[in-house]
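Reading through the structure tokens given below for one structure.
Laboratory data are not the source of any read-out in this text; all were calculated from the coordinates shown. Please read these numbers as outputs of a predicted model, since none were measured by experiment. Cβ sites come from the backbone with ideal geometry, for glycine too, and all protein chains shown count toward neighbours.
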2 protein chains.
Amino acid sequence: MEFNKHLADIKSYEAGKPIELVVREFGIDPKDIVKLASNENPFGCSQKVQDAVSSIVKNMALYPDDSMLKLKNALAKKYDIETKNIIIGSGSDQVIEFLIHAKAVENATVLMNSVTFAMYEIYAKQVGAKIVRTASQEHNMDEFYELYKEHKPSVIFICTPNNPTGDAIDAQALKEFIAKIDDDTLVVIDGAYMEYAIGKDKSKKITPKEVLEGFNNTIYLGTFSKAYGLGGMRVGYGIASEPIIEALYKLRPPFNITTLSLEAASVALDDEAFVEMSIENNFKEMKRYEEFARTHSLKIIESYTNFVTLCLNEGQNSSLLADSLLKKGMIVRNLSGYGLNAIRVTIGTPSQNDRFFELTSQLL
Amino acid sequence: MEFNKHLADIKSYEAGKPIELVVREFGIDPKDIVKLASNENPFGCSQKVQDAVSSIVKNMALYPDDSMLKLKNALAKKYDIETKNIIIGSGSDQVIEFLIHAKAVENATVLMNSVTFAMYEIYAKQVGAKIVRTASQEHNMDEFYELYKEHKPSVIFICTPNNPTGDAIDAQALKEFIAKIDDDTLVVIDGAYMEYAIGKDKSKKITPKEVLEGFNNTIYLGTFSKAYGLGGMRVGYGIASEPIIEALYKLRPPFNITTLSLEAASVALDDEAFVEMSIENNFKEMKRYEEFARTHSLKIIESYTNFVTLCLNEGQNSSLLADSLLKKGMIVRNLSGYGLNAIRVTIGTPSQNDRFFELTSQLL
């Protein structure tokens, strides 16, 4: 059987190894495994969310409220915007899928940073679009603008803070960049880790409201998978002008969010104290990673997220290090697939981080 | 901003009205609302499933096991097949999305029944494919074959039992049809309601194992949304030869099933007694709907599912009837959008059905 020719070029996304897989492959007791690979919230999720979801498990038989009004109202309140400017996706991932299919066609150009979230490329390839990347490792808005003028891309992805490196763009520089982009290019600001960036440095803060008020051609993406601790529930969102939201809605399958996920995300927005506690721990513990890097003469990329990228030195090998850690039950992300001799480590609880420092010290 | 031209032609799927919406629109107390519109299991879901999900709510922060091994193993066991022949979707809906994007391209033809599941057309339009439909209201395999020869479609959808009419195809006739279809046409057997058909008449039974052993060009779709009572959790699956599964996998976003949904579906397969009880109630109560139709001189389509389609007479209007029922808190599906002067009613619990009979008797 012949398939759509674009499929030949698509590689699947390589997810962080789940705990179940490590248990199966290495026979390690689940309680001895520490996963610092997928930037999940190490404190889990809010107790209020757990209680709310437990109280409605009998509703699993019922299709979700496809208007998602409760969650949209909660988001509209959080960001001081209107519900008509919101689309909910199965992770912000799914919103990326919608916008690529809505805006990019065969041979259209999609512009993104040299090192950035892998799914941008995977979705772009599904429609046969051409990928153009910057040369700089960190987002360089001048370089983005030069490439924009040269290629007139359909879609520009800006991931701030950036995954998997952790750096963030100055908000003012980003807004000046978008102001120069024409109305027929869709600019995507992926703010999956924005809650952390705001917790560290207000000059990195971009709000959906600013995006809506300033730019008709821009969509802001957010997620419940990181600071809100709901990675397993698959809820993200896009916020943009109505014409963009309407176009994306045409590609949204009905019931794309589970009944329990809608409840979890809605209630999560009611417990900002949990998020604040998570962010506070994050930056306190990040200092320990910075200290660890200094002690071992590793370069650490200044991070505005819940992870750090540790760049290894010549003679050290990120694949070997990640493998050795894995065999001891410590799961981190090897970035060799991104062309970096580096590992990405989610900042865990104090005791998880202790374990990382202990094991890695033995292996470096 | 200009969007992909295929979007202009797409209408959104009209979902059954959720209880929340009726509460909002008509101010009816939720406990007085009966929803018989979305073919959910009126008994909810298995208590074992509820207990299992409640016990892991703390895991909502963790990304799902993207290999989905536990669920795939359970499905492989149920159907006596191998896990490599399975892909899991966010509802079988998402598998339909994958297969359209994998196999149909712009101007390709997609063949389907005159009246059938609305999402086939919506997904086909996303890629700019042409829709060809039979004239017959029930699946007529001779007519399908004539249209196949004329149009050489990329994809053929066979929904058995069919949604929203409830009729089912003789399994032998279906297998003879598929045997005549060339290897480059993808045949889709959508068995979303197959558990019910098997419960009523074994001559309608098609198994994934038969499909795998007999046909390289065919995919079998199943779901947890109906007999297993997990409509809110969004889990379905496709079973096919490896080349088909591999192609679909290239379009699967990572983590497309929530952590709680994977657990719910896996455990649901362990409680077949719940499914059997549901099916037994269904056909016992269906007899009451048949009796009701006779009493009121309505035509009822012979149903192999958990719903019945009641065809109204001249002078009766399905839109008016559905609206009047809605205002009394009884949600059913008006089929006027499918070109039928009919309503589709999910078979509920005995007391829900009593209420339907009572209200509808007053309105006919």
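Quick notes
- Under the convention that each Lys and Arg Cβ holds +1 and each Asp and Glu Cβ holds -1, the size of the dipole of region A:1-99 around its Cα centre is about 360 debye.
- Pairs of Cα atoms farther than 16 Å apart, region A:150-201, %: 44
- Averaging the sequence gap over all C-alpha pairs within less than 8 Å and six or more residues apart, then dividing by the number of residues, gives region A:288-354 a relative contact order of 28 percent.
- The Rg/Rh ratio of region A:223-283, with Rg taken over Cα atoms and Rh as the Kirkwood radius over Cα pairs, comes to 1.06.
- Considering every alpha-carbon pair of region B:69-110, the percent of pairs per 10 Å bin, from zero through the bin containing the longest distance, is 25, 39, 26, 10.
- Across q = 0.20, 0.24, 0.27 Å⁻¹, region B:317-364 modelled as identical point scatterers on its alpha-carbon atoms has Debye log10 I(q)/I(0) values of -0.61, -0.86, -1.04, in the order of the q list.
- The C-alpha atoms of the protein assembly as shown occupy a region whose extents along the principal axes are 84, 51, 50 Å, arranged from largest to smallest.
- Taking the label point 7 Å along Cα→Cβ, residue A:31 and its counterparts in the other copies are spaced 4.4 nm apart, in ascending order.
- Around the Cα centre of chain B, unit charges on the Cβ atoms of Lys, Arg, Asp and Glu (plus for the first two, minus for the last two) sum to a dipole of about 500 debye.
- With Rh defined as the Kirkwood radius, the inverse of the mean 1/r over Cα pairs, the Rg/Rh of region B:260-350 is 1.07.
- Across the identical copies, how the residue B:320 labels are spaced - nm, sorted shortest first, 7 Å along Cα→Cβ: 8.2
- Length-normalised contact order for region A:58-270 - Cα pairs under 8 Å, 6+ apart - percent: 28
- Cα-centre dipole for the protein assembly as shown with unit charges at Cβ (Lys and Arg positive, Asp and Glu negative), debye to 20: 520
- Counting, for every residue in A:34-47, the Cβ atoms of other protein chains within 10 Å of its Cβ and taking the mean gives 2.
- The spread of Cα positions in chain A, taken along each principal axis and listed from longest to shortest, comes to 55, 53, 53 Å.
- Positive-pole candidate from B:188, B:55, B:4, dipole of chain B, charges at beta carbon: B:55
- Of the three principal axes defined by the Cα atoms of region B:1-71, the extents in descending order read 45, 40, 22 Å.
- Peptide A:50-58 - average C-beta neighbours from other chains (10 Å radius): 4
- Distance cut-off 32 Å, percentage of C-alpha pairs in region B:58-270 lying past it: 13
- Here is how far apart the residue A:297 label points are across copies: 9.7 nm, shortest first, using a point 7 Å from Cα toward Cβ.
- Shielding of B:191-198 by partner chains, average beta-carbon count, 10 Å: 0
- Short-range pairs are left out: with C-alpha atoms under 8 Å and at least six residues apart, the relative contact order of chain B is 24 percent.
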